[in-house]
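The values are calculated or read from the model by the stated rules, or taken from the named source; none is laboratory data. Everything numeric here is computed off the predicted structure, so don't read it as measured data. Please note: Cβ atoms are built from the backbone with ideal geometry, for glycine as well, and neighbour counts cover all protein chains shown.
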Amino acid sequence: MEENKSIRQMQLEVDQYIGQFKEGYFSPLAMMARLTEELGELAREINHYYGEKTKKSTEKEKTIEEELGDVQFVLMCLANSLDIDMQKAHDRVMHKFSTRDKDRWTKKDTQL
């Protein structure tokens, strides 16, 4: 099993993969459509596992993990094509949640 990669390493790996093809990245709008498609597939899998809609016998078995990976890949393609560092985006959103929303939710009692 591979060691854990940083977000930057994953973005670089995606960029190296896409960079081997003449076509390169799709347009941001095309990738947004692809991201929407992948989110739909993720929603379908979650519905099969946790919802009332069971899988048809003719449907291919997929996992939520696989679908999350597809979403992450397309998201990284979109970020790379727009020159967005997902590590910085993550750090920014975590700062926002840890400051603006720090008292929004009920904290767990951590005392034993």
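To keep it simple, each residue is scored yes or no on (1) charged (D, E, K, R); (2) farther than 30 Å from Tyr25 by Cα; (3) loosely packed, with under 10 Cβ neighbours inside 10 Å.
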position: Leu75; (1), (2), (3): no, no, no
position: Leu78; (1), (2), (3): no, no, no
position: Leu82; (1), (2), (3): no, no, no
position: Asp85; (1), (2), (3): yes, no, no
position: Arg92; (1), (2), (3): yes, no, no
position: Asp101; (1), (2), (3): yes, yes, yes
position: Lys107; (1), (2), (3): yes, yes, yes
position: Thr110; (1), (2), (3): no, yes, yes
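Mind counting the residues in the range 28-63 that are free of Cβ contacts under 8 Å to residues at least 24 places away in the same chain and under 24 Å from Ala79 (Cα atoms)?
Count: 7.
Hey, could you check the range 11-41 for residues that are over 16 Å from the mean Cα position of the chain (by Cα) and among the aliphatic types (A, V, I, L, M) and say which is surrounded by the most Cβ atoms within 10 Å (Cβ to Cβ)?
Restricting to residues being over 16 Å from the mean Cα position of the chain (by Cα) and among the aliphatic types (A, V, I, L, M), the top hit is Ile18.
Just wondering, is there one or more residues in the range 40-54 that are modelled with pLDDT under 95, in a helix (DSSP H, G or I) and among the basic types (Lys, Arg)?
yes
Would you tally the residues in the range 66-112 being assigned to a loop (DSSP other than H, G, I, E, B), more than 19 Å from the chain's Cα centre (by Cα) and not hydrophobic (A, V, I, L, M, F, W, C)?
11
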